[in-house]
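Taking it in order: structure first as structure tokens, then the write-up.
The values are calculated or read from the model by the stated rules, or taken from the named source; none is laboratory data. As the structure is a computational prediction, the values presented were derived from the model and not from experiment. Glycine gets a Cβ as well: all are built from the backbone with ideal geometry, and neighbour counts include every protein chain shown.
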Amino acid sequence: MPVQKKARIIRLIVCGALIAILIPVAFLTGLIRWNGFGNVKMNLSIFVRLIIMIAGVLAVEALLVFVFSLLKPKNHRVRTVLSIISSVLKYVAAIVIICWGLSIIGVNVSTIVASVGIVALVVGFSAESLIADMVTGAFMVFENQYNVGDIVEVGGFRGTVTSIGLRTTCITDPGGNVKIVNNSAMKNILNRSDKPSRAACEIAVPYGTDFRKLENQIPDLLQSIFDAHPDIFKVKPVYLGINELADSGVVLKFIGEVDEANIFSGARTLNHDLLLGFKDLGVECPFPQVDVHNIPV
């Protein structure tokens with residue numbers, strides 16, 4: 001068992017023991033006094049009211065979440081706000097059900113809230129990680145570090161932010177795998193959606209190629225690639241020059257400015273179209289070869 005998990009379990013046990021000890025002591029010493037349950041009453045009518053109240057609150061919460069899910073704003077900031085509101089609604093619904101339910105059965109909620117401050121203090125220490133998640137999540141939203149729809153990389157995991165809640169952030173990679181990260185653990189984030197990305201391509205040509213002639217033909221080839229894929233490339237791809245003198249050929253490097261979501265498809269498109277384009281220009285891409293020489297003994 002990890003050390004952090006053991007420490008958390010020990011902390012919960014200690015806090016539970018403190019609560020179990022402090023509550024009786026508080027009553028015996030008169031630190032906590034209330035008549036909040038003096039008027040508690042339960043009958044069939046009150047039970048039906050409780051059921052109707054709970055069903056009504058849950059229905060309103062579900063309806064609001066459903067309405068927010070129907071909204072598909074293109075602005076990532078708006079999508080982030082809607083995601084957080086949907087998360088907050090669940091907590092608000094739970095609090096409303098508890099407080100409203102206690103008032104229906106005759107409990108003086110205000111007296112209880114005022115009397116359990118010491119218990120809330122102890123529970124607060126045990127919920128340290130929860131508070132850290134909520135505070136960190138609020139700061140990340142206010143500082144606009146990332147939003148729903150952004151492509152981020154956290155701890156080597158790269159994916160699209162699909163939802164941001166009060167406690168956790170969900171990131172989905174291209175394979176559909178979902179990683180749920182506590183907001184307090186969202187550190188050293190690489191937001192790849194802030195600026196346009198560059199899809200890179202390296203392709204080799206034979207050493208015997210007429211490079212002056214080929215480099216004069218490359219701009220037209222790149223223009224044709226851009227015209228064929230305006231949905232992928234933001235501008236015409238760029239030829240950077242000779243990148244390496246490899247064993248089997250001369251490696252040329254190209255880049256294309258794309259959205260982060262198209263960084264892999266952009267590289268594949270460059271590889272495909274440059275290979276076919278070089279063949280049309282009469283330039284065959286080399287492949288590794290091994291020459292075997294038989295030496296007579």
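Observations, loosely collected:
- Residue within segment 163-174 that is closer than 30 Å to M134 by Cα and in a helix (DSSP H, G or I) present: no
- Any chance I95 is at pLDDT 65 or above and in a helix (DSSP H, G or I): yes
- I218 surrounded by 12 or more Cβ atoms within 10 Å (Cβ to Cβ), in a helix (DSSP H, G or I) and not assigned by TED's automatic domain parsing to the domain that holds V161: yes
- The single condition among (1) surrounded by 13 or more Cβ atoms within 10 Å (Cβ to Cβ); (2) part of a helix (DSSP H, G or I); (3) modelled with pLDDT of 85 or more that G137 does not meet is (3).
- Selection count, segment 199-221, where residues are in contact with a Gly (Cβ under 7 Å, 6 or more places away or on another chain) and either under 30 Å from V141 (Cα atoms) or of a type in the set (D, E, K, R) (or both): 1
- Residue match in segment 181-196 (condition: of a type in the set (D, E) and surrounded by 15 or more Cβ atoms within 10 Å (Cβ to Cβ)): no
- E257 being of a type in the set (D, E), part of a strand (DSSP E or B) and either touching an Asp or Glu at 6+ places or on another chain (Cβ under 7 Å) or surrounded by 14 or more Cβ atoms within 10 Å (Cβ to Cβ) (or both): yes
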